[in-house]
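In what follows, a single structure is set out as structure tokens and then discussed.
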Amino acid sequence: MRTLHAAPVVRYTLGEGAVLHDGAVLVDGGRIGAIGPLDALRAAHPQARVRRWPGTLGPALVHDGPVPDAPTPRERIHALLRLGATAVLAEHVADPGLRAAAERNEIAVVDRPRPAALAEAARADLAVFDADGACLATVLAGRLVHRRR
């Protein structure tokens, strides 16, 4: 199933990276199939489901601090998804239960921070943030895993 995630602003990278207005990211399975203007991607992929998000769509975050506290390892990992993170530094998931929860949920465990960017053929890890920086939605390997209601 192909899905177009569209937003008024699409950022290719975090920070001051390239910006696309009225853009979209085509997610094909767990990968990014294309990035471009929404109208052009809709025309090229008319069967794709379209999810429109308010705010800014861009690469998901790499969480570089302690994992939020919660009653279970699963809930702690889900807290990362609510923050817009789909990766975490290995040093913060040293506990075997927490590491297992991260792996079960396909959270990437990385040794050092990496630049977050959207690129064709990359794993479809996306996040949408409102003007205040709150995460509205998180897509992990092409699956919508968090949506603020």
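The values are calculated or read from the model by the stated rules, or taken from the named source; none is laboratory data. The shown structure was predicted, so the numbers you read here are calculated from the model rather than taken from an experiment. All Cβ positions, even for glycine, are placed from backbone atoms using ideal geometry, and neighbour counts span all protein chains on display. Note: accessible area is taken over every heavy atom of the protein model, side chains too, but ligands, DNA and RNA are not part of it. Shrake-Rupley method; radii C 1.70, N 1.55, O 1.52, S 1.80 Å.
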Within segment 73-92, restricting to residues that are under 13 Å from LEU140 (Cα atoms) and not hydrophobic (A, V, I, L, M, F, W, C), the one that is most open to solvent (accessible area, probe 1.4 Å) is ARG82
Discussion item. Just to be sure before I move on: is ASP95 in contact with a Pro (Cβ under 8 Å, 6 or more places away or on another chain), free of Cβ contacts under 8 Å to residues at least 24 places away in the same chain and open to solvent by 10 Å² or more (accessible area, probe 1.4 Å) in the structure I sent?
Written reply: yes
Within segment 117-134, residues being touching a residue at least 24 places away in the same chain (Cβ under 8 Å) and within 27 Å of THR72 (Cβ to Cβ) number 7
Flagged pairs (Cβ under 8 angstrom, 6 or more apart or on separate chains; first in segment 12-23, farther than 22 Å from ALA40 by Cα and in a loop (DSSP other than H, G, I, E, B); second at pLDDT below 90 and open to solvent by 80 Å² or more (accessible area, probe 1.4 Å)) are LEU14/PRO115
Listed by first then second residue, the pairs whose first member lies in segment 67-80 and is farther than 10 Å from ALA101 by Cβ, whose partner is modelled with pLDDT of 95 or more and assigned to a helix (DSSP H, G or I), with beta carbons under 8 Å and at least 6 positions apart or on separate chains, are PRO68/ARG76; PRO68/ALA79; PRO68/LEU80; ASP69/ARG76; ALA70/ARG76; ALA70/HIS78; ALA70/ALA79
When segment 21-32 is checked residue by residue, the ones that are farther than 14 Å from ASP125 by Cβ and surrounded by 19 or more Cβ atoms within 10 Å (Cβ to Cβ) are GLY23, ALA24, LEU26
_On the basis of being open to solvent by 30 Å² or more (accessible area, probe 1.4 Å) and at pLDDT below 95, does ALA100 make the cut?_
no
Looking across segment 48-66 at residues that are part of a loop (DSSP other than H, G, I, E, B), in contact (Cβ under 8 Å) with a residue 60 or more places away in the chain and not aliphatic (A, V, I, L, M), the single one that is surrounded by the fewest Cβ atoms within 10 Å (Cβ to Cβ) is PRO54
message = Yes or no: segment 36-47 includes at least one residue that is more than 16 Å from ALA119 (Cα to Cα), assigned to a strand (DSSP E or B), touching a Leu at 6+ places or on another chain (Cβ under 8 Å) and not aliphatic (A, V, I, L, M).
response = no
